[in-house]
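Here is the structure we will look at.
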Amino acid sequence: SCIGGSESHGHFSLINEACSMFAHTNPLHLDVFKSVAHFEAEVVAMTAALLGSKEKNSGGQICGNMTPSGTEYIISYQYFNIKLWHVPINKNFQVDVKAIQCHITKNTILV
């Protein structure tokens, strides 16, 4: 049988230890829990590097942020009538820039 990484026997103690260290934090209060802001910055930087931020042609303009859950997005999509557009990527996970340009309008809030 196949199980996910977080379900395998050896990971339970590590996950429990990590969760207990930060169970008291609230990512919505970055001014109080500065470690959360630091972790967010590290995850965004690592993700940006995976997306090519260190390559010369990227201009280093990759940025991002995290949210504690998807509920905020679901409510925002419904409340503000936000449309999500999917654009193709190639085998190197590079996005088709022309496809993005076709979807950018005066109502675009995030790329």
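What number of residues within the stretch 78-111 are assigned to a helix (DSSP H, G or I), among the charged types (D, E, K, R) and surrounded by 10 or more Cβ atoms within 10 Å (Cβ to Cβ)? Even if it seems obvious, please write down each step before you answer.
First, the residues of the stretch 78-111 that are assigned to a helix (DSSP H, G or I): 78-80, 97-103.
Next, from what is left, pick out any that are among the charged types (D, E, K, R): 98.
Subset that is surrounded by 10 or more Cβ atoms within 10 Å (Cβ to Cβ): none.
Counting residues in the stretch 78-111 that are assigned to a helix (DSSP H, G or I), among the charged types (D, E, K, R) and surrounded by 10 or more Cβ atoms within 10 Å (Cβ to Cβ) gives 0.
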Problem set entry | Selection within the stretch 1-37 - assigned to a loop (DSSP other than H, G, I, E, B), open to solvent by less than 60 Å² (accessible area, probe 1.4 Å) and modelled with pLDDT of 80 or more | F33
Exercise. Does the stretch 38-68 hold any residues that are closer than 19 Å to I89 by Cβ, at pLDDT 75 or above and among the small types (G, A, S), and which are they?
Worked result: A48, A49, G52, S53, G64
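The values are calculated or read from the model by the stated rules, or taken from the named source; none is laboratory data. In this text the structure is predicted, and so the values were computed from the model without any measurement. All Cβ positions, even for glycine, are placed from backbone atoms using ideal geometry, and neighbour counts span all protein chains on display. Ligands, DNA and RNA are stripped out before the accessible areas are found, and what is left, the full protein with its side chains, is counted by its heavy atoms. Shrake-Rupley method; radii C 1.70, N 1.55, O 1.52, S 1.80 Å.
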